Amino acid sequence: MAATHTSLNFTALYSEHHCWLQRWLYAKLGNVGDAADLAQDTFIRILGRGDLPALQEPRAFLSTVAKGILINWYRRQALERAYLEALAALPAPEAISPEQQLLILETLHEIDAMLDALPAKVKQAFLMSQLEGLRYDEIAAQLGLSVITIKRYMKQAYLRCLLAMEGG
């Protein structure tokens, strides 16, 4: 009975507020296609939760869920733009095929998701090491932490990388 009640709640939420949510997203994005995609993603995320409580403010609930999806979408767009800009800056002989571009973009998205799963300080230390080439003592000094703590952070980040490479 509870699953049926949840199904009815979801169906009502979707039918009563889908158009509103799509218009709300369109106002943020200025693109009908992206707004439609993100509205669908919002409802898919809600459906994936399983339990849908009775909502006093369904539009506030929808906009909260949609904002999270919108933030991820913006981050993904920024990552893709940065990648395409770097790609465009390559000399012609080093141009990459569309298939390779897609694989690289997918890998970048996986790395981005993996890094987002790390605690903020661990992620920051890892990026300072990998992107800026800083030594552990330099990272420790900049973050106001001990070298031992930075080593622990780096171990945590490397273990996360290994797990991601193994598909876990």
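Where does the chain land on Rg(C-alpha)/(2.2 N^0.38 Å)? Intermediate values should be presented prior to the final figure.
Values: Rg = 21.0 Å, N = 168, 2.2 N^0.38 = 15.4 Å.
Compared with the compact-globule rule of thumb, the chain sits at 1.36.
Counting Lys and Arg as +1 and Asp and Glu as -1, what is the net charge of the other residues whose Cβ lies under 12 Å from the Cβ of Trp24?
On the way: positive: Arg23, Lys28, Arg59, Lys67; negative: none.
Summing Lys and Arg as +1 and Asp and Glu as -1 gives +4.
Within the assembled protein chains, the solvent-accessible surface assigned to Leu145 is about 50 Å², based on a 1.4 Å probe.
Note on Arg75 and Ala88: their simple-model spin labels are 2.5 nm apart, each label 7 Å out from Cα toward Cβ. Counting heavy atoms of the protein chains alone, Val147 has an accessible area of about 60 Å² for a 1.4 Å probe. Only helices reaching 24 angstrom along their own axis (Cα) with mean Kyte-Doolittle hydropathy no lower than -1.0 count here, and for the DSSP H runs of the chain these are 2-29, 32-49, 58-88, 98-116, 147-165.
For the chain, the Cβ-based charge dipole about the Cα centre amounts to some 600 debye (Lys, Arg positive; Asp, Glu negative; other atoms uncharged).
Accessible surface for region 33-141, divided over its residues, is 62 Å² per residue with a 1.4 Å probe. Positive contributions from Lys and Arg (+1) and negative ones from Asp and Glu (-1), summed over other residues with Cβ under 14 Å from the Cβ of Met128, come out at +1.
What is the sum of charges, Lys and Arg at +1 and Asp and Glu at -1, for the other residues whose Cβ falls under 12 Å from the Cβ of Glu106?
On the way: positive: Arg76; negative: Glu80, Glu99, Glu110, Asp112.
Local charge sum for Glu106: -3.
Student exercise: in the chain, how many lysine pairs 8 or more apart or on different chains have Cα atoms under 22 Å apart? Present the calculation step by step, with values, prior to reporting the outcome.
On the way: Lys28/Lys67; Lys121/Lys151; Lys121/Lys155; Lys123/Lys151; Lys123/Lys155.
Number of lysine pairs found: 5.
Dividing the summed helix terms, -39500 (n - 2.57) for each DSSP H run of n ≥ 4, by the number of residues in the chain produces a 222 nm estimate of -27500 deg cm²/dmol to the nearest 500.
Taking only protein heavy atoms and a 1.4 Å probe, the accessible area of the chain is 59% carbon and sulfur.
The values are calculated or read from the model by the stated rules, or taken from the named source; none is laboratory data. Fair warning: this is a prediction, and the values are worked out from it, not measured in the lab. Reconstructed Cβ throughout: ideal geometry from the backbone, glycine too, with neighbour counts over all protein chains shown. Accessible surface areas use protein heavy atoms only, side chains included; no ligands, DNA or RNA. Shrake-Rupley method; radii C 1.70, N 1.55, O 1.52, S 1.80 Å.
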